[in-house]
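Undergrad: Following this message is one structure expressed as structure tokens.
The values are calculated or read from the model by the stated rules, or taken from the named source; none is laboratory data. Quantities reported herein were computed from a predicted structural model and do not represent experimental measurements. Positions of Cβ are generated from backbone atoms using ideal geometry, with glycine treated the same way; all protein chains shown enter the neighbour counts. For accessibility, only protein heavy atoms count, side chains too; no ligands or nucleic acids. Shrake-Rupley method; radii C 1.70, N 1.55, O 1.52, S 1.80 Å.
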Amino acid sequence: MAEQENTTENLLAQLTLQQKMGLAMGVAALFALIAGAWIWGQTPDYRVLYSNLSDRDGGAIIESLQQLNIPYKFAEGGGALLVASDKVHEARLKLASQGLPKGGNVGFELMENQKFGITQFAEQVNYQRALEGELARSVESIGAVAAARVHLAIPKPSVFVKEQQKPSASVVLSLQGGRLLDSAQVSAIIHLISSSVPEMSSKNVTVVDQNGTLLSASHDGGSSEGLDANQLKYVQQIEQSYVKRIETLLIPMLGANNMRAQVSADIDFSRTEQTSESFKPNQPPNESAIRSQQSSESKNGSGLGAGGVPGALTNQPPVPATAPIVADGEAQGGNVAANSGNISNLQKESTVNYEVDRTIRHTILPVGSIKRLSVAVVVNGNRRVTDAKGKTSVKLLTEAENEQINNLVRDAVGFDQSRGDSLNVQVASFTESKEPAEEVPLWKQPGTIELGKELLKYALIAGVMLFVVFRIIKPALDTLLTLKSRTFTAAKESEAAPEATYAPAGPSYEQSLQTARQIAQQEPKIVASVVKEWVNNG
């Protein structure tokens, strides 16, 4: 063991300074590479926790992460906060329980710290700020919206009705990268803002994105020129609904690949209101409604009968009457001579007003009614049918089946000839084309990409290690082994030389001496090491 240590020391002593430095650097590089590979393998994959944080929210979140012992780091010049990928959801839930991030908008918590003696103007300003902040937070809860700002213009109330002004609002949205808002989402934001402020109409809400694009142009509620996306979507839904009805009836009978259907719908989107007033002839009096009735009666005379002692004329029979007697002492012309009174004239008037038969009709025609339908159906005339034995044959479409298809399609779409609907059912031979399903290549699949990244990382580590081993450490070891073999060879020859001195004088001694001299001239370092070993061994 001591001899091996001495041999190693001798070998190291025989190396030049440059070789010693190279050997030390190679060993150090190997250990550093192994340590770096281990640290690299243990380093977690960091993902974005939050981005575009305000300074106040960023400081509060970092303090909470330090308390939760969750490692973090910054990226993108401090614009994003990163944590380990397996800690993202846990950190978000824990921070959300603490109310973080609060965002740059202030809500109704601004009203909690009102100072004593605040003016009415300042109180109104704080209320408007709080309302804007709450609305901005509600808009930011939409997935495609990264940040939002809401500006409200609330006019002062006036006692004059003509000077009343309606409030308005402006919304500025910052959308997520690569995200867009569709028409329904913009309409939802507009109605959210208008419903949150009293007496605000959806027409007075303007929505703009971070690029300055006006998103509320088609939601002003007025009659805008050009095509409306909602109307086009409604037409497509109507057409697809009719196509689905046809396919539901014909696919079980013909097969999924044996028919094609298309429907074109002409929709009326005009808004029409009609008001009509009509008069009818009066009905008979007993069926008419009385509106008003007025009666009047007038009499002339004192109304007192004759008095005194009857004379001779009273004992005579009455003279025959010259005019017909009217019941109740009344004449048809209104002049009656009363038997018991002195009424010379009696007049009656009666006025009756009947209601006029009038009809008022106010009609609002529905928007989006169907004006005309055009239906086209193509049926495969050469259908392939498989019988019970598994044999495939071609079946032609008969006239009865064609008539049946026509009747089914008419009933499915509600065909109305008076409306101008058209139906065209054609029989044609379909061309069979088998298109291979488009598959994602193996090298484009996410799993393969992740596996390639891992293999590339370990291959890079292995390549660096092999470079250090074969280009630095192996040459140094080869040099040491060469020196060791030469040392052992010289040692054996030197041990044989003293034995030769005790041999009888002859050519062998001279030959050995000559060999030793040659070795001393060629390899003085080996000879020096041999002498040194002799001295050390006594």
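Undergrad: Looking only at the stretch 48-78, which residues are touching a residue at least 40 places away in the same chain (Cβ under 8 Å), open to solvent by 30 Å² or more (accessible area, probe 1.4 Å) and of a type outside the set (A, V, I, L, M, F, W, C)?
TA: 50, 52, 54, 56
Undergrad: If I go through the stretch 393-421 residue by residue, how many of them are of a type outside the set (A, V, I, L, M) and part of a helix (DSSP H, G or I)? Talk me through it step by step, then tell me what you get.
TA: First, the residues of the stretch 393-421 that are of a type outside the set (A, V, I, L, M): 393, 395, 398-399, 401-404, 406-407, 410-411, 414-421.
When the remaining residues are screened for being part of a helix (DSSP H, G or I), the result is 399, 401-404, 406-407, 410-411.
The qualifying residues number 9.
Undergrad: Ok, one more. Can you find, within the stretch 92-130, the residue that is modelled with the lowest pLDDT among those that are in a loop (DSSP other than H, G, I, E, B) and open to solvent by 70 Å² or more (accessible area, probe 1.4 Å)?
TA: Taking the stretch 92-130 first, the residues in a loop (DSSP other than H, G, I, E, B) are 98-107, 114-119.
Still in the running and open to solvent by 70 Å² or more (accessible area, probe 1.4 Å): 98, 102, 104, 115-116, 119.
Details: 98: 79, 102: 67, 104: 61, 115: 76, 116: 80, 119: 87.
In this case the residue turns out to be 104.
Undergrad: Just give me the residues in the stretch 151-172 being at pLDDT below 80 and open to solvent by less than 40 Å² (accessible area, probe 1.4 Å), in sequence order.
TA: Result: 158, single match.
Undergrad: Looking at 174, 195, which one is among the hydroxyl-bearing types (Ser, Thr, Tyr) and assigned to a helix (DSSP H, G or I)?
TA: Working: 174 fails: assigned to a helix (DSSP H, G or I).
From the options 174, 195, the qualifying one is 195.
Undergrad: Do we have any residue at all in the stretch 448-463 that's open to solvent by 90 Å² or more (accessible area, probe 1.4 Å), under 22 Å from residue 24 (Cβ atoms) and modelled with pLDDT of 80 or more? Reasoning before the result, please.
TA: Kept after step one, since they are open to solvent by 90 Å² or more (accessible area, probe 1.4 Å), are these residues of the stretch 448-463: 450-451, 453, 455-456, 458, 460.
Pick out the ones that are also under 22 Å from residue 24 (Cβ atoms) and you get none.
Scanning the stretch 448-463, I find no residue that is open to solvent by 90 Å² or more (accessible area, probe 1.4 Å), under 22 Å from residue 24 (Cβ atoms) and modelled with pLDDT of 80 or more, so the answer is no.
Undergrad: Condition first: touching a residue at least 24 places away in the same chain (Cβ under 8 Å), among the β-branched types (Val, Ile, Thr) and assigned to a helix (DSSP H, G or I). Can you find one or more residues in the stretch 177-186 that meet it?
TA: yes
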